[in-house]
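The values are calculated or read from the model by the stated rules, or taken from the named source; none is laboratory data. Only a predicted model underlies this, so the values are computations on that prediction, with no experimental measurement involved. A quick note on method: Cβ atoms are made from the backbone with ideal geometry, for glycine too, and the neighbour counts reach across all protein chains shown. The area values use the complete protein model at the heavy-atom level, side chains included, leaving out ligands, DNA and RNA. Shrake-Rupley method; radii C 1.70, N 1.55, O 1.52, S 1.80 Å.
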Amino acid sequence: MANIRQITDWRAPTRIGVSYDKLLAAIGTQEFGATVRDSVLSMTAGARRVYLFEATSRESSTLQYSFCEPEVTELFPAYARWYLRRDPVGDAFDATPHHCDVALQRVRPSDIATPSFRRVFFDDAGIVERISVIQRGQDAWRGINIARHASDGTCSDDELDSLVGLACLVLPMLPLNRRRNAAAQPLTIAELEERLRTRCARLTQRERQVCARAAAGMSVEETALDLGIAKTSVLTYRQRAYQRLGAASPIALRALVTQ
């Protein structure tokens, strides 16, 4: 059975200063996960894999970042379907039932009860240990997994202390990183149309379709081709909608539906 230890006292690693500033600056960007990875590598003898995730149960987990071999990435669908609920990390969830609880879990290949899971994700790749730090948030668990290769050996006590300290700083950032990432993603045409429907009830369906495409940055020509109508019709629908909404341009229209 995997070793689990509840964390009641932790200290930030003395080397975290510069990395912490970088982590704060990277929240909500594509560099956040890589910044966490670099911090892990700077505090340990090595890490073959690094994962950041949130989970609401043993069966429901969302990966925020992964650093691993390409062939392992290809196995993610199989993991979600067959092995997620069998992963010992679920035991760490049970060990952190209350808000702000933190636990450290060490998983060796011999702790994996499912032979195919052990072979594919541990033995074949030479993984000798996986460290997980799990923190219970208000609505979900947050976690970081670090897998070690045989060439790096298992983690020392000093490395474990550093990883716990780093995790206790990083894991509370995951919800904010997720929300900022979501806010930075462009809305789809369907989402823009739905926002126009709920916020601008005076528009007709065709006006919503034309305006959604204008807000998405599509030209008159592109909109005409996409909807199968004449360019003059697109201009007419745009002008009529702009007058009803008090918008003077696609930029003003986009601000109306995205704020």
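Data for the structure
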{"item": "Residue list for segment 44-57, filter: over 16 Å from Asp161 (Cα atoms), touching a Lys or Arg at 6+ places or on another chain (Cβ under 9 Å) and open to solvent by 60 Å² or more (accessible area, probe 1.4 Å)", "result": "Arg48"}
{"item": "Residue list for segment 1-38, restricted to those being of a type in the set (Val, Ile, Thr), open to solvent by 30 Å² or more (accessible area, probe 1.4 Å) and out of contact with any strand residue (DSSP E or B) (no Cβ under 9 Å at 6 or more places or on another chain)", "result": "Thr14, Val18, Thr29"}
{"item": "Qualifying positions in segment 108-130 - closer than 16 Å to Glu71 by Cβ, open to solvent by 40 Å² or more (accessible area, probe 1.4 Å) and outside any helix (DSSP H, G or I)", "result": "Asp124"}
{"item": "Residues located in segment 180-197, provided they are free of Cβ contacts under 8 Å to residues at least 40 places away in the same chain and open to solvent by 90 Å² or more (accessible area, probe 1.4 Å)", "result": "Gln185, Pro186, Arg197"}
{"item": "Candidates Ala47, Ala34, filtered to the one that is small (Gly, Ala, Ser), part of a helix (DSSP H, G or I) and in contact (Cβ under 8 Å) with a residue 12 or more places away in the chain", "result": "Ala34"}
{"item": "Odd one out for Leu41, checked against (1) assigned to a helix (DSSP H, G or I); (2) open to solvent by 20 Å² or more (accessible area, probe 1.4 Å); (3) touching a residue at least 60 places away in the same chain (Cβ under 8 Å)", "result": "(3)"}
{"item": "Scope segment 212-259; condition closer than 17 Å to Arg197 by Cα, free of Cβ contacts under 8 Å to residues at least 40 places away in the same chain and of a type in the set (S, T, N, Q); matching residues", "result": "Gln243, Gln259"}
{"item": "Residues of segment 201-221 that turn out to be in contact with a helix residue (DSSP H, G or I) (Cβ under 7 Å, 6 or more places away or on another chain) and assigned to a helix (DSSP H, G or I), as a count", "result": "12"}
{"item": "Subset of segment 230-259 [open to solvent by less than 50 Å² (accessible area, probe 1.4 Å), of a type in the set (Val, Ile, Thr) and out of contact with any helix residue (DSSP H, G or I) (no Cβ under 8 Å at 6 or more places or on another chain)]", "result": "none"}
{"item": "Scope segment 1-55; condition modelled with pLDDT of 90 or more, small (Gly, Ala, Ser) and in contact with a Phe, Trp or Tyr (Cβ under 9 Å, 6 or more places away or on another chain); matching residues", "result": "Ala26, Gly33, Ala34, Ser39, Ala47, Ala55"}
{"item": "Segment 92-106 - residue that is of a type in the set (D, E, K, R) and closer than 15 Å to Gln135 by Cβ and, of those, least open to solvent (accessible area, probe 1.4 Å)", "result": "Asp101"}
{"item": "Residues being within 12 Å of Ala241 (Cα to Cα) and open to solvent by 10 Å² or more (accessible area, probe 1.4 Å) - total across segment 204-214", "result": "5"}
{"item": "Among residues of segment 58-78, those that are β-branched (Val, Ile, Thr), crowded, with 16+ Cβ neighbours inside 10 Å and free of Cβ contacts under 8 Å to residues at least 40 places away in the same chain, counted", "result": "0"}
{"item": "Cross-chain or 6+ apart pairs with Cβ under 7 Å, segment 4-26 first and on the phi < 0 side of the Ramachandran plot and of a type in the set (Asp, Glu), then open to solvent by 80 Å² or more (accessible area, probe 1.4 Å) and modelled with pLDDT under 90", "result": "none"}
